[in-house]
Every structure is written in structure tokens, then in C-alpha cells.
Number of protein chains: 2
Amino acid sequence: MLISPAAPADAVPPVLLGLAIILIAAKLVGELAERLGQPAVLGELLAGVLLGPSLLAVVDPGAPWLHLFAEIGVVILLFQIGLETDLQRMMRVGGAAFVVAVVGVAVPFALGYAVCRAMGLPDLESVVAGAALTATSVGITARVLSDLGRLQDPESQVVLGAAVIDDVIGLIILAVVARAVGGGAVSAGAIAVTTAAAFGFVIAAVLVGRLVVPPVFGLLARIGRPESLAPMGLAVGLLVAVLAHAAGSALIIGAFAAGLAFQPTAHAATIERGVTRLGHVFVPVFFVAVGAAVDVHTLGNSRVLAIGGLLILVAVVGKVVAGFAPFWFPGRKLVIGVGMIPRGEVGLIFAQTGLAAGVLDAGLFASVTAMVMVTTFLAPPLLKLLLGARPSSSRNAGGSAELVTEA
Amino acid sequence: MLISPAAPADAVPPVLLGLAIILIAAKLVGELAERLGQPAVLGELLAGVLLGPSLLAVVDPGAPWLHLFAEIGVVILLFQIGLETDLQRMMRVGGAAFVVAVVGVAVPFALGYAVCRAMGLPDLESVVAGAALTATSVGITARVLSDLGRLQDPESQVVLGAAVIDDVIGLIILAVVARAVGGGAVSAGAIAVTTAAAFGFVIAAVLVGRLVVPPVFGLLARIGRPESLAPMGLAVGLLVAVLAHAAGSALIIGAFAAGLAFQPTAHAATIERGVTRLGHVFVPVFFVAVGAAVDVHTLGNSRVLAIGGLLILVAVVGKVVAGFAPFWFPGRKLVIGVGMIPRGEVGLIFAQTGLAAGVLDAGLFASVTAMVMVTTFLAPPLLKLLLGARPSSSRNAGGSAELVTEA
């Protein structure tokens, strides 16, 4: 009504209603999940399943506005993850984290692919399902370790470092897979090109960003109002995301690279605080939209259950094996492996990409989504069992949890 | 690509690009305006004019996503204004503010209508143009007075009280006008019904809200994470906005009422901080979209310039007269009148409503928008001239400006 005579007069109220329902459901079920000792993201996924067409039918996962908001949510999420990722610290954790990451990507991918092929699925479908098994959720892992007061343990440092590295590898695989499911050639050459494009884009964006961002945002901070920094930072994140897309990589790779470029600057904390507030609204929309795309009826299908069960087994075994890979590391290797179990946003993005491109059918999509949800669900109680809840003496547990959530 | 196979694969990157450009332009020109002693909103409007189809043609004001984001922006803005509006304090400023508000609505409306009719414009068009002259911008006025260190002067108290009251009256007139331009009857009975609906909705929402909100949000604050409060508050604001729309009133009336309902609660400040961060992204989109809808070529039209000039004259005279209306008030009445001059968001919403409904043509729309921009532009230097810049001793000027901007 306001801006465009072309837009239907009643288009806005239903969107506002849908957004309000999604936010309320996501926050309520998210809080409930936390009360039950589970990460909030699990609650948001369940809220989506609940609101989706196969149960309450309140949210239509095909609505264009929901698609747009969810994409903005995932771009903001990866920008945030980039803002949190301390490259120097990641380098220091070094060898062990790198080995855990590489083995933790390779083994689940190979096992997942093999399982799917053994179940008679075609090649591309099996690649997508395998790829969805690769990336550990940094956010969930960090949150769980923080809740247990174990963030500063050496095992936790390895887990966090590896989770960040396998996220980057996962994003690169995603770019390759997105190209493949988009009909691009899957030859070794094409994979190499896409990998080089993704790596090259991240490296170039970080290098250029670390040269350009500090003077520009230093100037902005001197001449402008402090509340302008976060929207400007977000705008730059969006621009770099679009650049990455234009360069043949993925929006989220650009957003992550932009976050990395901002991370060491004096204004990263200010930008992150502002972007996090936006994330509190947009990111749950992504998880609810993912949950809403799950057709619960497919879970009654024995083949879906069989594949889902095998994928869960492979997801757990693959990461536990990875935990034992740095054989020289003196700490408790089982803790590392279990800490790597939760899959999250990147796994779901794989599933969505595959579903949207028609490579995954509703059944395999449900299996993969179930794998993400179950691994997310498994890790907190297992880690609690292994480590025991130890209220950290050096910092307030609630405070640090809040910190990681905010971060 | 992610959520819906139905959505075109390339729809998201252009939206992210457009959003990034709008944010960067709005913040840069906004900061520039502030450097020149003008309110940031003026810069955002100018950024819109610059990006719009008649100059750089970067932003298409007819794009559905822009329409949606702008509407969300104005809903958030009115929710924020409601959150800032202290009903009790407004009551205390009392008589003088009320008289200034009523006279300041009636005189500009009557003069604006008369001018348009005299220029040969039809009845409904003249009503919309007159209505756009009524509401003072609370945000701009508060910001200017704060920048001058005069927020606590008695004249400023009257100006702020009157600006809030005439905003409410303006919103009710908007509901009436929206009904009229929507093809509804403009009989006295229909106006009475719409006024009663708007008043009734605000009163009911505030009463119910003030009963329901404190226990519900008290419970949420006890059981939940603090960062969930702002999204939940926003969700409730969106729901009440949709309710107001469904009840035959306007989205923004509902959003304002929801803000009023939250205002006295313990969590208003937390909700406002979170919502303000969202506002930093969405609200500039609204002002840029409004600016982009201005066709600068119409400003070369002598009739548009004549009507625009007359509207500006009437807008200034009407509010200055209103400043002298509370004859018993001992303060400087010219300061009150000049403080009431800047029109803002509500005036622009009138213009947009009229344009979208086809009641205003591009020429009259440009005249009204020019009136809003010029009055916004005039007030800061005039007030500075009348009052002199006095760096407040009790509070840091930058700090209080930031406070009002944040508030």
C-alpha cells in the first residue's frame, strides 16, 4: 500500500502475521529446548516442523518472503560466525585441530556416500547426502562446551578449532555441490576450479578486507554516529556475499569472508552486537523454514528410517574416529570426537540446496534433516556424561553462555 | 534456492545488493546531513531521491521486497515511538500541549485544504494534502532540542507533549483518510466510526496490554534468555499491528498501541534496545523508499512549485499560530511554534498512502514530500537562531543525542 501501487494491498499483513508466529514459536520452543538441556536451535527446528504443512500448516515453506528472510538469516549467521572466528587462534591450535577437521570431513563423507550407494541411491544424491555429514556446527559445539564450563579445556580448543576448519571445508564442498546440483560438470577439474574459487575468494576478501576495513571503519567511527557502524558493517557483509555469488561461489562464503575481514578490527564487537540483534530475528526464520520443509509423513517410511538411521550411525562414528586421528595429542580423544558430533546450519544448507535443486527427494531430505537433528540432540547429554557438569569458577556459567550466544 | 523451489534462483542476490546500497547511501548521506547540522532523516530522504528512478535509477520504488521492508520499517518506527511515549508525562504537560496539538492539527489542515481547493484541486486530493500537514515529527523535534541542550526547557516540554498528541491525532486522521482513499464513504458518520475504531483500538490495546504484558513478559524474563525478549516484543508488536489492520484501523496504529502497552513495563528498555537495532536497518529503508518515489522532474513544473511553496508557507504559519494558542503559557511562544514545524514520518505516510491509492498524482506527491523535507530542513537552523547552541552542562551533548536517537 505504501510504496508500490503494483504490490497487492493485502500482501503485508499476512507476512507480518507469519513473521510474528514464527518468532513466537521459535522463541518458545527454543526456550523449552534449553530448559530440557538442549540447544535452542533444536527447538527452532522442531517449531518449524510443528508449523509446517505436514502438521499445523501455518507456515508455507514455499512463500517467497520466507525464502528471502531465511536467506538473509543464513547470510547474517555466517557473517556472525566469521566475526567470531579468530584466524590467529585457529592457527595456534594447529596440527591436532587440522587433522581432526580433515579426517572428520573425509570419513563421514566417504561413509555417508557408501551407505547411500549401498542403499541403491544414485551418485549425485549420495554425494549431497555425504556432504551434509561433513560440517560440525561451531555455534552448537561452542554453546554446549560453554554451558558445561569447559571452554578452556585443551580438548575443547581442538574441537572448536576443528569445527571452524571443517566449516570452511564444508562451505567449499557446498560450493562444489551447489555447482554440481545446478547441472555444472562434476569433473575433477571443475571441483578444483570451484575449490580454488572458494578458497581464493575467502583469501582475497580477507586480505583486501583487512587492508581496507580498518581505515574506512576508523573514519566512519570518528565522523559518524556509533549506531551507524553495525548497519554499515552488515551492508558490507551483504555486498561481499553478492560479490562471492557473482564470482561463482556462494552467498554464505562471501558473508563468512566478510566476517573474517572485520574480525580483528576495533569495531568488530560493535558490529557484531548490532548484527546479532538482527540475527535474533532473521536466523530463527531460517531454522523454522528448514523445519517446515520436513514432511513428517516421510518418517513413517521404513526406507527413510533405515537410511536416516544409517546416516546417524555414520555421522557419529565418522566424527568419533576423527577425534582419535591426532594420535600424538595427550588429551581425552573421545571427548574431542563426541564434541564434533553435532551437525548444524551447514548440513541443513546442504539438504536444502539438494531439495531445492530436485536432487534430494522428500524422503532423503527428511533422512538428512533427521540426522542433523539427532546429532544435535545427542551431543549435549553425551558430553555432559563424559565431562560432568562443572560450574566454572572463573566465570559465571550463565554469563559465558550468554556471551557465546551473543557472540 | 534454499527454501522454495518455486522462488527464482537469482531473486535473493539482487535484493541483498539493493539492501546494501540503500543502507550505505542512507548512512553516508545521513551522516553528511548531521555534519551540516541537519537531522539524519533528511539525509536518508535525499539518499532516496538520489537513488530513485529519476536520478541514478538504482532503486526501484515499486519492487515488492522494498515495499515489504519499508512497511516493516514504518511499523518498527511506530512501535519504537509508542515505546518512547510516556502517557503519564504527556498528561502532566497537560493543557498547553493539548491546545498546541489541536490548533496545530486544525489550522494547517484547514489552510492546506483551502490552498489546494483554491489551486483547483479536487476535494479528496485536498483532504490528503491537508492531512499530511498535521503531524509534527516527534523524533526530529526531540533530536533537535536534545542537540541544542534544551530538552528540559518548559517550551520544549510543551513541544514534545504536543508533538506526541498530534502524532496520535495524525494517526487517527490517517486511518480516516486511508478509508476514504480506499473508496470508503467519507460521510461524517464514517469518519466518526473510523475515529472511534482508532481511538477504541488504541485504548483497548493499551488497557489489555498493560494487564497482560507485565505478567507474560515477567514470566518470559524469568524462564528465558534475555535476548529473546526483544524478538518476542517485536512479534507482539507485529501481531497487534495485524489485529489493528483486521479491525479496520492501520498497521501503524496497532504498532504504536503495542509500544504504548509495553512502555511502562520493566522490560520496555530491553525490548526497545533490540528493536532499535532492527530499526537502524529497516527504518532507513522506509525513508529511502519515500525519497526514491519522488520524481525530481516534477519539481521543474511551476504548478508543483507553486503548490509546494504554498504548502510550506501554510505548514510553517499553521504551527507558529499553534504555538501562540496557549495564551496563558508564560514561556516563549515563538519557540514552541518553531519547534512544531518539522513534519516527518506521518506526513510522508500520508503522501505515500495517497500516491499508492492513486489519489495524489506525481506532482502533488512531490509538493507534499518537498513540504516535509523543507520543514524538516528549516526547524534546526531556526531553533538554533532562537535559542542559541548551549552545550548542556548536566549531560554530554553527544550522549544525550545518542540517547534520543537510541530512544
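The values are calculated or read from the model by the stated rules, or taken from the named source; none is laboratory data. All figures in this text were calculated on a predicted structure; none of them were measured in a lab. Note that we place each Cβ from the backbone using ideal geometry, even for glycine, and neighbour counts take in every protein chain shown.
Kindly check whether there is at least one residue in segment A:155-168 that is more than 21 Å from A:L251 (Cβ to Cβ), crowded, with 24+ Cβ neighbours inside 10 Å and modelled with pLDDT of 90 or more.
Checked segment A:155-168: no residue is more than 21 Å from A:L251 (Cβ to Cβ), crowded, with 24+ Cβ neighbours inside 10 Å and modelled with pLDDT of 90 or more.
Could you list, in sequence order, the residues of segment A:218-232 that are facing another protein chain (nearest Cβ under 10 Å) and assigned to a helix (DSSP H, G or I)?
A:L220, A:I223, A:P226, A:E227, A:S228, A:L229, A:A230, A:P231, A:M232 - these are the residues of segment A:218-232 that are facing another protein chain (nearest Cβ under 10 Å) and assigned to a helix (DSSP H, G or I).
For segment B:272-291, give me each residue that is among the hydrophobic types (A, V, I, L, M, F, W, C) and away from chain A (no Cβ under 11 Å).
B:F287
This table checks each residue for (1) over 18 Å from A:G73 (Cβ atoms); (2) at pLDDT below 80.
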residue: A:V193; (1), (2): yes, yes
residue: A:G237; (1), (2): no, no
residue: A:L260; (1), (2): yes, no
residue: A:T270; (1), (2): yes, no
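Considering only helices (runs of 4 or more DSSP H) fully contained in segment B:332-407, which possess at least 3 residues that are out of contact with any Ser or Thr (no Cβ under 6 Å at 6 or more places or on another chain) and modelled with pLDDT under 85?
B:345-356, B:362-387, B:397-406
Output the residues belonging to segment A:244-256 that are more than 11 Å from A:V75 (Cα to Cα), assigned to a helix (DSSP H, G or I) and either touching a residue at least 40 places away in the same chain (Cβ under 8 Å) or among the charged types (D, E, K, R) (or both).
A:A244
So, in segment B:353-372, exactly how many residues are more than 12 Å from the chain's Cα centre (by Cα), closer than 15 Å to B:A292 by Cα and surrounded by 24 or more Cβ atoms within 10 Å (Cβ to Cβ)?
6
Looking at segment A:34-43, can you tell me whether even one residue there is over 13 Å from the mean Cα position of the chain (by Cα) and within 30 Å of A:P264 (Cβ to Cβ)?
Checking segment A:34-43: at least one residue is over 13 Å from the mean Cα position of the chain (by Cα) and within 30 Å of A:P264 (Cβ to Cβ).
Which residues, taken from segment A:352-391, are touching a strand residue (DSSP E or B) at 6+ places or on another chain (Cβ under 6 Å) and under 15 Å from A:G339 (Cβ atoms)?
Scanning segment A:352-391 gives a single hit, A:T375.
With respect to A:S228, determine if the residue is over 24 Å from the mean Cα position of the chain (by Cα), more than 30 Å from A:D60 (Cα to Cα) and of a type outside the set (D, E, K, R).
For A:S228, the condition - over 24 Å from the mean Cα position of the chain (by Cα), more than 30 Å from A:D60 (Cα to Cα) and of a type outside the set (D, E, K, R) - is met.
Between B:V294, B:V193, B:V213, B:V208, which is out of contact with any strand residue (DSSP E or B) (no Cβ under 6 Å at 6 or more places or on another chain) and either within 12 Å of chain A (Cβ to nearest Cβ) or part of a loop (DSSP other than H, G, I, E, B) (or both)?
B:V294
Considering each of A:G200, A:G274, A:G279 in turn, give the residue that is within 24 Å of A:A351 (Cα to Cα) and either of a type in the set (A, V, I, L, M) or assigned to a helix (DSSP H, G or I) (or both).
When all the criteria are applied, what remains is A:G279.
Taking segment B:33-59 as the search range and keeping residues that are surrounded by 17 or more Cβ atoms within 10 Å (Cβ to Cβ) and facing chain A (nearest Cβ under 9 Å), which one is modelled with the highest pLDDT?
It comes out as B:E34.
Could you check segment A:257-270 and list, in sequence order, the residues that are part of a helix (DSSP H, G or I) and either out of contact with any Ser or Thr (no Cβ under 8 Å at 6 or more places or on another chain) or among the polar types (S, T, N, Q) (or both)?
Of everything in segment A:257-270, those that are part of a helix (DSSP H, G or I) and either out of contact with any Ser or Thr (no Cβ under 8 Å at 6 or more places or on another chain) or among the polar types (S, T, N, Q) (or both) turn out to be A:A257, A:A258, A:A261, A:F262, A:A268, A:A269, A:T270.
Hey, any hits in segment A:240-249 for a residue that's among the hydroxyl-bearing types (S, T, Y), under 25 Å from the mean Cα position of the chain (by Cα) and surrounded by 23 or more Cβ atoms within 10 Å (Cβ to Cβ)?
Yes, segment A:240-249 has at least one match.
For segment A:133-181, what are the residues that are under 19 Å from A:V314 (Cα atoms) and not in a helix (DSSP H, G or I)?
If the condition is that a residue be under 19 Å from A:V314 (Cα atoms) and not in a helix (DSSP H, G or I), then A:L133, A:T134, A:A135, A:T136, A:S137 are the ones that fit.
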